[in-house]
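Taking it in order: structure first as structure tokens, then the write-up.
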Amino acid sequence: MKLLSFTAFVNEMYQPIFEGGAAGHMMHPFDDADLTFDDFIKMIQAGLSGELNFEEEPTEKTDGQNIFATVKDGKAMFARNKGQLKDPLSLDGVNTMFADHPSEQVRATFTLAAKDLAKGLEGLSKKDQDSYFENGMNFMNMELIYSKNSNVINYDRDVIQFHGIKKTDGQGNIVGEDNKAAKDLAKIIKDANNHIGEVFEIIPPQALKVAKEADFDEKLNYFIGKVYKLQDEFNLAISDPVSKYHEAWWRREIDKSFPSLDQAHKEGLVLRWAYDDKKSLDMRALAKLVSPKELEAIKNFEKEDLKKKYKENIRPFEDLFLELGSVVLKNASNFLALSPDKEMQRLHNTIRKEAEAIKLNGDTKQIEKVESELARLARIGGIESIIPTEGLVFKFKGGLYKLTGTFAAINQLMGIIKYGR
């Protein structure tokens with residue numbers, strides 16, 4: 001069974017980092033339960049060797065705002081969601097969309113970037129416009145980084161970073177992609193001297209240089225040992241997909257939580273909770289098959305314990321790859337931030353100072369969240385492992401994956417610090 005629905009379950013239950021707008025969710029390796037244990041080992045070896053260029057050079061995952069742009073009938077058009085991929089906005093439409101936005105910085109980010117994008121894209125030859133955009137069918141996915149509207153990372157630069165072309169069916173559905181187009185089209189715009197606008201500079205994906213880990217043998221044995229431990233927990237083969245681990249884990253959990261339940265009904269719960277398959281065993285059907293007491297226990301588990309149990313299930317895989325990411329990113333260079341050392345120190349100091357302030361003066365919920373995220377940071381390298389990037393993107397077996405290291409934890413911490421939540 002292919003575990004595509006499990007990945008949807010991952011997104012809904014654990015709320016991992018999402019890329020904004022219509023871009024959707026880029027997976028961590030641990031999100032993709034169709035990967036095998038051997039795939040994990042190949043990623044670990046490549047990351048520690050500084051050779052994550054399986055199919056493309058690794059690029060930086062940056063912390064900005066997402067937008068899509070195309071060219072139709074010679075005019076630049078824009079999209080932030082699926083509906084707008086079907087019916088994109090003109091430059092005036094972008095200005096109208098953000099006219100009443102409560103944040104002046106957000107409004108400026110999108111309106112000023114759209115204006116500079118229009119200059120760059122409308123300055124392309126008709127041949128290039130048709131080749132890359134197919135008269136509004138294809139969209140360049142890009143990220144807007146504006147120094148006056150930073151999120152977690154301060155880049156001190158104003159850039160529009162191309163990520164790649166997304167091909168649509170004309171109805172707002174993405175049906176294909178061309179990542180190479182980001183670098184190629186950025187070069188064409190630069191060669192025409194249209195890459196620098198009034199505020200923003202159009203750039204290709206930020207390629208990262210990744211050095212080999214100094215303690216390669218030690219780290220390799222450490223991380224591969226973690227993979228083998230997970231594989232051996234349920235006597236799985238190195239070639240097995242990770243979905244088999246999740247299925248076996250849930251089967252064990254269900255056996256422990258509902259020992260008297262009929263085996264066929266237990267298997268239905270495995271499908272329901274490991275695969276998010278609620279059609280094979282819905283609650284109405286289950287009510288006719290089990291006692292009222294058993295039904296109540298199952299409903300209570302699903303309502304009160306399911307999210308916590310999911311986190312427990314995914315945590316060893318999450319910790320493995322977040323810790324791996326912190327090691328790999330420590331060996332990376334050529335980040336987009338103009339002063340990475342300065343920004344790294346700012347992040348370290350901010351997290352330490354503000355986390356302590358919340359622990360002293362925050363409410364119970366805030367303190368619990370801060371302590372939870374600090375504990376996650378400690379498991380994957382601690383505050384000292386924080387560096388000024390959202391992460392690294394690499395391509396493996398045709399799919400794009402991200403290594404984010406400590407970013408998930410600091411993103412949550414900064415949210416608590418900024419907004420109290």
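In a residue-by-residue description of segment 183-192, the property of being touching a residue at least 60 places away in the same chain (Cβ under 8 Å) and either closer than 19 Å to Lys61 by Cβ or in the same structural domain as Ile351 (by TED's automatic domain parsing) (or both) applies to no position.
A search for C-beta distances below 6 Å between a residue of segment 36-55 that is in the same structural domain as Ala237 (by TED's automatic domain parsing) and any residue that is part of a loop (DSSP other than H, G, I, E, B) and among the hydroxyl-bearing types (Ser, Thr, Tyr), counting only pairs 6+ apart in sequence or on different chains, returns Thr36/Ser239; Asp38/Ser239. Evaluate the following for Ala108: is it in a strand (DSSP E or B) and either in contact with a Ser or Thr (Cβ under 9 Å, 6 or more places away or on another chain) or on the phi < 0 side of the Ramachandran plot (or both)? It is false that Ala108 is in a strand (DSSP E or B) and either in contact with a Ser or Thr (Cβ under 9 Å, 6 or more places away or on another chain) or on the phi < 0 side of the Ramachandran plot (or both). Screening Ile174, Ile165, Ile196 for residues that are surrounded by fewer than 19 Cβ atoms within 10 Å (Cβ to Cβ) and closer than 20 Å to Leu400 by Cα leaves exactly one candidate, Ile174.
For residues that are among the hydrophobic types (A, V, I, L, M, F, W, C) and touching a residue at least 40 places away in the same chain (Cβ under 8 Å), scanning just segment 348-359, find the one that is surrounded by the fewest Cβ atoms within 10 Å (Cβ to Cβ). So the residue we want is Ile358.
To keep it simple, each residue is scored yes or no on (1) of a type in the set (D, E, K, R); (2) assigned to a strand (DSSP E or B); (3) more than 27 Å from the chain's Cα centre (by Cα).
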site: Phe162; (1), (2), (3): no, yes, no
site: Glu177; (1), (2), (3): yes, yes, no
site: Ala182; (1), (2), (3): no, no, no
site: Ile189; (1), (2), (3): no, no, yes
site: Glu198; (1), (2), (3): yes, no, yes
site: Glu213; (1), (2), (3): yes, no, no
site: Lys219; (1), (2), (3): yes, no, no
site: Gly225; (1), (2), (3): no, no, no
site: Tyr228; (1), (2), (3): no, no, no
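If the condition is being part of a helix (DSSP H, G or I), farther than 21 Å from Tyr132 by Cβ and at pLDDT below 95, then segment 32-91 contributes only Gly83. Only residues that are farther than 17 Å from Ala79 by Cα and either in contact with a strand residue (DSSP E or B) (Cβ under 9 Å, 6 or more places away or on another chain) or buried (at least 16 other Cβ atoms within 10 Å of the Cβ) (or both) were counted across segment 130-144, and they come to 1. In segment 360-400, of all residues being outside any strand (DSSP E or B) and in contact with a strand residue (DSSP E or B) (Cβ under 9 Å, 6 or more places away or on another chain), the one that is surrounded by the most Cβ atoms within 10 Å (Cβ to Cβ) corresponds to Thr389.
Of the residues screened, Lys266 is not one that is outside any helix (DSSP H, G or I) and either without any contact (Cβ under 8 Å) to a residue 40 or more places away in the chain or outside the structural domain of Gln231 (by TED's automatic domain parsing) (or both).
The values are calculated or read from the model by the stated rules, or taken from the named source; none is laboratory data. None of these values were measured; they are calculated from a predicted model. Positions of Cβ are generated from backbone atoms using ideal geometry, with glycine treated the same way; all protein chains shown enter the neighbour counts.
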